[in-house]
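The values are calculated or read from the model by the stated rules, or taken from the named source; none is laboratory data. The structure presented is a predicted model; accordingly, all values stated were derived computationally and were not measured. All Cβ positions, glycine included, derive from the backbone under ideal geometry; neighbour counts span all protein chains shown.
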Amino acid sequence: MRSQFLVLICSVIMASPSPAQRLGVPVQAEVISHDYTNQPVPQYAHGFLLAYDPASSQIWSYRNGSLKTHTIVAIPGVNSVRIRHVSCSPGGVLAASVVLSDPQLGYASVLVWIDSTGKIMRVVRTYPFAAGALAFSSDGTLWVLGRVRDRTYRDLPDYNILRQYSADGVLLRTFLPKSSLLGTPAPGSGRIQIRDQQVLIYFEEDQIVLQLSTDGRIAGQWKLAGASEIMVTGAAISNSGNIILSGDVHSNAPASVSSGLYQLDKVSDRLIPLEMERVGLARDQYIMLLGGEADHLVLYVKPPRRLEWVPVE
């Protein structure tokens, strides 16, 4: 999803959640403006809004309506730097999964840690692991999804798709074998969210959702049933362990896209729609779930383009 210009209204939710749908209603707003032409939709992590431009290797972080960090990821002696994904720690340290390329040296996957002033703290090469989506846990460790390839850039038959790095860039653990996944999702296309001691991984194209603890044990894995017409765009874990997802439904006659919020029924593997009116939103508004924070979901909504914090149990 891309846009010519973005205005994010950061809403503070004051109402109590609805017992029936476990969602509340927004009442206040604060404005952030960011031009993200030809850039991915901004990410949200630990109170920071993160925008990045893969091509120019720029990263921006915002907090409480103000720009906190703007940096260009530049590696000396490297011809090309391309950002794949970004995240932010509770203390404001940025991390990016980056692909380096050079006509003579070839390609390399690295993780880059950046302090709150925009200065690169460390660069860690991950070969033969190609790093993709990443997320910080509350203890400052970095969790990274990715794939392992041979020298011809082909995936190995089996490998652990998840890695955990310490705050100073040391590889602590690898786990979650590719063979343990339902179906054959591409690990490089997955997304990851971490909340307290729970890790949520979802594969948009394959409609697969995993929930595991931070010690690596799989708590549940679901192949979404009856959701072939829904393209999952975001996911989060509530305080009570419920899995909430946002998704788009495309129609051909007439051509249109509608979106909504769903709760995963862990018994039937089905997505249960949540009533948009309960969130204070109109049915024709576009919604994307960016993550969770405390007892709220963080939603990207348009029109007008904004962020909203919605209480959830």
| query | Just for strands (runs of 3 or more DSSP E) wholly inside the stretch 121-193: which have at least 2 residues that are crowded, with 19+ Cβ neighbours inside 10 Å? | reply | 129-136, 142-148, 160-165
| Test: V31 is farther than 23 Å from S238 by Cα, aliphatic (A, V, I, L, M) and either at pLDDT 90 or above or under 16 Å from the mean Cα position of the chain (by Cα) (or both) | no
| query | Does the stretch 293-305 include one or more residues that are surrounded by 17 or more Cβ atoms within 10 Å (Cβ to Cβ), hydrophobic (A, V, I, L, M, F, W, C) and at pLDDT 90 or above? | reply | no
| said: Just to be sure before I move on: is R122 touching a residue at least 24 places away in the same chain (Cβ under 8 Å), at negative phi and out of contact with any helix residue (DSSP H, G or I) (no Cβ under 6 Å at 6 or more places or on another chain) in the structure I sent? | reply: yes
| note | Condition set aliphatic (A, V, I, L, M) and under 13 Å from Y165 (Cα atoms), scope the stretch 97-120, selection surrounded by the fewest Cβ atoms within 10 Å (Cβ to Cβ): answer is V110
| said: Just to be sure before I move on: is A74 of a type in the set (A, V, I, L, M), on the phi < 0 side of the Ramachandran plot and surrounded by fewer than 22 Cβ atoms within 10 Å (Cβ to Cβ) in the structure I sent? | reply: yes
| note | The correct count of residues that are closer than 22 Å to Q193 by Cβ, over 13 Å from the mean Cα position of the chain (by Cα) and surrounded by fewer than 20 Cβ atoms within 10 Å (Cβ to Cβ) in the stretch 40-64 is 4
| Single condition S240 does not satisfy, out of (1) in contact (Cβ under 8 Å) with a residue 40 or more places away in the chain; (2) surrounded by 13 or more Cβ atoms within 10 Å (Cβ to Cβ) | (2)
| message | Quick check on the stretch 242-258: of everything there that is of a type in the set (G, A, S) and modelled with pLDDT of 85 or more, which residue is nearest to M288 (Cα to Cα)? | response | S246
